[in-house]
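Below is one structure, written out as structure tokens; comments come after it.
Just so it is clear, none of the values below were taken in a lab; they were calculated from the coordinates. The structure displayed is predicted, hence computed values, not measured ones. As a convention, Cβ positions derive from the backbone with ideal geometry for all residues, glycine included, and neighbour counts pool all protein chains shown.
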Amino acid sequence: MNKIVILFVLIICAILIIGIINFGEVSQIEPEPNNAFFKLEFGNLIEANRGSYSWNDKETYVIADSISPVEMDYAITLDVKKDEMIYFENLEGIITNVTIYNSQKQILDTDITFDMNEKYIVVPSLVGEYIVKVDTACDKGKVWYSIKLNIHDDDKL
């Protein structure tokens, strides 16, 4: 009888140990892109909204889909002037594309100057509130970030 109890306890212990080991593997954190921040030349860092991404860490590949940048909530609307430079911090890789949306949620056919390696964009010569989507890419994958701008005439800010 004692041998059966000891055997039963050993089997239970083995199952628990295997479960703990496997649980540690299952609960690994999925890879994801850095949080990106933006700022004006002499401003504070402000966190950008992170959108959809495909990301990997050599072992795990993650695809995350998000809502459109025009549907997102923005904690801060950045007041800027035309032709001002907005710098991005903590971006991995390079900027591959920049898209601007107007308040009617339409993509504008406006060229936006940006530097893919230095990671800045130049505020377009528009006036009003706009959403700017910045696409990035690196060896780990692709991700886009967005910010909300209130663009003013030079003399109004």
- Query: Using θ = phi - 60° and the Karplus form 6.51 cos²θ - 1.76 cosθ + 1.60, what ³J(HN,Hα) does each residue of segment 54-70 get, whole Hz, x for Gly and Pro?
  - Reply: 10, 9, 9, 10, 6, 10, 10, 10, 10, 10, 10, 9, 10, 6, 4, x, 6
- Message: What does the charge count around residue 51 come to, taking other residues whose C-beta lies under 11 Å from its C-beta (Lys +1, Arg +1, Asp -1, Glu -1)?
- Response: 0
- Any idea what % of Cα-Cα pairs in segment 37-156 are farther than 17 Å? 55 percent
- The distance between the Cα centres of segment 43-101 and segment 104-151, in whole Å, is 8 Å
- Amide H partners (placed H, <5 Å) of residue 34, local residues excluded: 92
